[in-house]
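Report on the structure given below.
What follows draws every value from the coordinates through simple rules; no lab data is involved. The model shown is predicted, which means the values in this text are computed figures rather than measured ones. All Cβ positions, even for glycine, are placed from backbone atoms using ideal geometry, and neighbour counts span all protein chains on display.
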Amino acid sequence: MPKIHPIAAIEYNFNEIKDLSSLIAPPYDVLDECSKQALLDRNPNNIVKVDLPHLPPKTVGPDETYLQSAEVFKQWIDSGVLRKRTTPAIYVYQQTYTVSGTEYKRRGLIANVQLQDFGPGENGNGGIFPHEQTFSAPKEDRLKLMKATQAQLSPIFGLFADQAGNVQPLLDKVADAGNPTFTATTTNDGVFHEVWVIEKGSDISKFQDALGPCDTFIADGHHRYGTALNYREDMGPFAEGHTGNQCLFVLVALSDPGCIVLPTHRVLGGMKDYSFEKFAAASAGKLVIKPFDGTMEELEAALPDAGPHAMGLYDPKAGLHIATTVDTDPLKESHGNMSDAWRQLDVAVLQHLIVEGICEPTFCDGSKATWKFPHDLKETKTITDSESYDLGVIMQATPIESIGDVCSSGELMPQKSTFFYPKLATGLAINPVG
């Protein structure tokens, strides 16, 4: 990756407050009015007051809302709620969480990364790559906030390929010693966050040397990385070493045992005269569809052993079915220019074989199907049961090794291919870019 840098960060005063649970927040784009207010009711100095100046998130608000965030941010610094580090540092960051009764620990590094355009690195450094197609949501909101506060408030989630195995031992040595500098728990998901501050120059150099050759793939935060590039273009040029040339990241190894990917399901709508019987008939020769007698949870558990590209289908009238592809490489003819790794993605098979090859020609009369992307089965059922949508599709998680394979081929996954859990916390460290 491009060179990493220690951060002269703006932080909460963890010398006085070791537990920052009431001060940190989930990422702004997963919050609504109710969850934002709950954070502020717990502590009026919660970072969400600055990071989410207006609602709904990912929309552009009036200019005064960004100026208000900047004023609050300055007041917190002036009053000592926040402080700026005198000694730049990097941070080892561990998240402990539970999924389906199993506890995981995900370890990463909080650091600034030298900004560069997407693509391979230079001078022996790795590159930075997007991993999936993104929606054209406006970046103007984050850019206005960044310009007003002169700070990057939320880290970007980066995955790196630690092929030489040099980085993970450095993280493990710090985290396994215990005694974190500060901790926190996010109430929305119960995730326990531990942070170790590293100021010693020789220790920082070890991480810089180990991470230098690694390619980095953006797992979450494509739009925020683009915002950092736009900020540099609008406000620069900056002097060498200026934080306006850098971007706040949490860096996690693809091989970290605590780095897991959960599925993002699909619900399809906008299909005129849809019925499951017509869908099954149009799928002949492409899909094998069999009824499933059980719950959604049981169906999801059965998918890995059900056959090639197995997906669950839920229709409110027809019930549950499992669909598999007739061909183990069903996109070879239509997308032979793409890599094997890309063609084997279930999300690519769904989009190009099922939606574009079956649903839209049969039911959409030249238009496009509509999509929803629920993360859990209950939400999948609720949306599918509504009048606006027709068919729920229960997906398997994208294998994490596929991310590196597809990105290394210079390709992008379809939208919402991955759901990296848990989310990173906002407020652990803030990158001043002014």
Considering only DSSP beta bridges whose two residues both sit in the chain, what percent are antiparallel, to the nearest 5? 85 percent
Can you give me the pair-distance distribution of segment 130-194, C-alpha pairs, 10 Å bins, whole percents? 14, 26, 37, 23, 1
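Counting other Cβ atoms within 10 Å of each Cβ, which trypsin sites (Lys or Arg not before Pro) in segment 96-205 have at most 12 and sit in a DSSP loop?
Working: sites: 105, 106, 107, 139, 142, 144, 147, 173, 200; in loops: 139, 200.
Loop-located and lightly packed - 200.
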Inter-site label distance for residue 63 and residue 81 at 7 Å from Cα along Cβ, in nm: 2.5 nm
Report the relative contact order of the chain, percent, no decimals, based on alpha-carbon pairs under 8 angstrom and at least 6 residues apart. 24 percent
Mean shadow area (nm²) of the C-alpha convex hull around segment 229-301 is 11.4 nm²
Out of 366, 339, 388 - ranked by how far each Cα lies towards the positive end of the dipole of segment 264-396, with unit charges on the beta-carbon of charged residues - the top one is 366
Distance check, please: which entries in 18/84; 58/147; 58/378; 139/372; 58/423; 3/74 exceed 20 angstrom between their Cα atoms? 58/378; 139/372; 3/74
Contact order normalised by length for segment 264-396, with contacts defined as Cα pairs under 8 Å and 6 or more residues apart; what percent is it? 46 percent
Tell me the GluC sites (Glu not before Pro) within segment 280-319 that lie in a loop according to DSSP and have at most 13 other beta-carbon atoms within 10 Å. none
Charge dipole of segment 146-210 about the Cα centre (unit charges at C-beta), most positive-ward option of 174, 146, 185: 146
What is the set of long-range amide H partners of residue 250 at a cut-off below 5 Å, with H atoms built 1.01 Å from backbone N? 156, 157, 158
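How much length would be gained if the chain were fully extended between residue 318 and residue 301, taking 0.36 nm per residue of separation minus their Cα-Cα distance, in nm to one decimal?
Full-extension gain reported as 4.1 nm.
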Rounded to the nearest 0.05, what FRET efficiency do residue 18 and residue 172 give with R0 = 30 Å and r taken as the Cβ-Cβ distance? Could you check? 0.85
Mind pulling the angle between the C-alpha long axis of helix 222-235 and the longest principal axis of the chain? Nearest 10 degrees, somewhere in 0 to 90. 40 degrees
Net charge near residue 256: determine it from the other residues with C-beta under 13 Å of the C-beta of residue 256, scoring Lys and Arg +1 and Asp and Glu -1. 0
May I ask you to list the GluC sites (Glu not before Pro) in segment 369-406 that are in a DSSP loop and have at most 10 other Cβ atoms within 10 Å of their Cβ? 387
Per segment 264-396, sqrt(5λ) over the Cα gyration tensor eigenvalues, sorted largest first, in Å, gives 21, 18, 14
May I have the pair-distance distribution P(r) for the chain, computed from all Cα-Cα distances with 10 Å bins from 0 and rounded to whole percent? 4, 20, 29, 25, 15, 6, 1
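If neighbour count is taken as other Cβ atoms inside 10 Å, put 29, 340 in order from fewest to most.
Working: 29 18, 340 11.
Fewest to most other Cβ atoms nearby, the residues stand as 340, 29.
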